[in-house]
Each structure stands twice: as structure tokens, then as C-alpha cells.
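A.B. asks: First the structure, which I've put down as C-alpha cells, then a few questions once you've had a look.
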Amino acid sequence: YKTRVQYYDTDKMMVMHHANYIRYFETARTEYFREEGFPYSEMEKEDFQIPVLSVQAKFQEPAVYDEIIAITCRIVKLGPASLEVDYEVRNAETGVLHVKGHSRHGFTNHDLRPIPLKKRLPEIYEFIERLYEKDKLL
């Protein structure tokens, strides 16, 4: 996922505010699922959600106003009721690393009750498992 750092994303120093990286992690993750053929809107129809349980970010070099950044994500761990995703935010032109991130997610229904996705919605679990297997090769 590529985007330009907007003025409203920055602080007084014209550096992207640290909290905005977390937003970009989420956008990259939702776009990843959409591009692979299973947008979050389809998940919702199946009474299935992937809430964030934890998120981490390790800052390297600041992204600055008007810079084009590329955010990549990949599934690094998959369990019967959870998944984990790694992220990198880089300058889209030079490849300079700005941030590495990680998020952990549970599989829940709309009431936020954990569900064993592999048992309850095996076709969705198999879809995510295929993404995980593909991501392991990267």
C-alpha cells in the first residue's frame, strides 16, 4: 500500500506523528485482504471480525511531510483462533526503513466472543492459511 504523508499526519517538526503509523498498519492490512479477494466487508457478512489484541512499532527513521511511503504487511503466525502480522513502512522511492511493526489479532464474532475459525468457518480459515503459506515464502 502506498500513500503520501499528508500535512495533517505530521507534527510541528513536519515529521509523521508516531500514532499515524498504527493507522497505516491497519490500512495496509485491510487493503491486503481486499487485494487478495476477501475484503473486511465480506468478513462482516460472515459474522467474523479480526480485532487487534496488541500492536507494536519500532521506529527507525522518521517519515516526513510530502514523502511517499510504502507499507507492506505479511502474516507471520496463524493459529486456530488468532493471527499475527508484521509490517514495514519504507520510503517508496529510496527504500529507507522508517518503522517495523507487529500486530496480534483474535478471531471473533460481532459480539467480540472468540471463535475457533478453523472449526466454525473452515473456508475462511483456509483462505487465510493460503495467505500465510504464501507470506512465509517472502
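A.B. asks: Test of the criteria: in segment 59-94, which chymotrypsin sites (Phe, Trp or Tyr not before Pro) are in a DSSP loop and have at most 16 other Cβ atoms within 10 angstrom of their Cβ?
C.D. replies: Passing sites in segment 59-94 are Tyr65.
A.B. asks: Something else: I'd like the FRET efficiency for Lys136 and Phe38, computed as 1/(1 + (r/R0)^6) with the beta carbon distance as r and R0 of 25 Å, rounded to 0.05.
C.D. replies: The computed FRET efficiency comes out at 0.85.
A.B. asks: Which lysines, if any, have their Cα less than 22 Å from the Cα of Lys118, not counting same-chain residues under 8 positions apart?
C.D. replies: Lys45, Lys77, Lys134, Lys136
A.B. asks: Local charge sum around Glu84 (other residues, Cβ-Cβ under 13 Å, Lys/Arg +1, Asp/Glu -1)?
C.D. replies: +3
A.B. asks: Using Cα centres only, tell me the gap between segment 111-138 and segment 12-36 in whole Å.
C.D. replies: Their Cα centres are 23 Å away from one another.
A.B. asks: For n ≥ 4 DSSP H runs only, could you compute -39500 (n - 2.57) per run for the chain, divide by its residues and tell me the 222 nm figure to the nearest 500?
C.D. replies: Here the helix-only value at 222 nm equals -9500 deg cm²/dmol.
A.B. asks: While we're looking at this one, here's another question. Between the DSSP loop rule and a limit of at most 14 other Cβ atoms within 10 Å, which GluC sites (Glu not before Pro) in segment 62-108 are left?
C.D. replies: Qualifying residues, ordered by number: Glu93.
A.B. asks: Between Ala81 and Ala19, what is the FRET efficiency for a Förster distance of 25 Å, r being their Cβ-Cβ separation, to the nearest 0.05?
C.D. replies: Working from the Cβ atoms, E equals 0.35.
A.B. asks: Now for a separate question. Given a Förster distance of 25 angstrom, what is the FRET efficiency for Gln56 paired with Lys119, based on the Cβ-Cβ distance and rounded to 0.05?
C.D. replies: Taking R0 as 25 Å, the efficiency between Gln56 and Lys119 is 0.30.
Read-outs: derived from the displayed coordinates by stated rules, not from any lab. Bear in mind that the values here come from a model prediction, so they are computed numbers and not experimental data. When we count neighbours, we look across all protein chains shown, and the Cβ atoms used for this are built from the backbone with ideal geometry, even at glycine.
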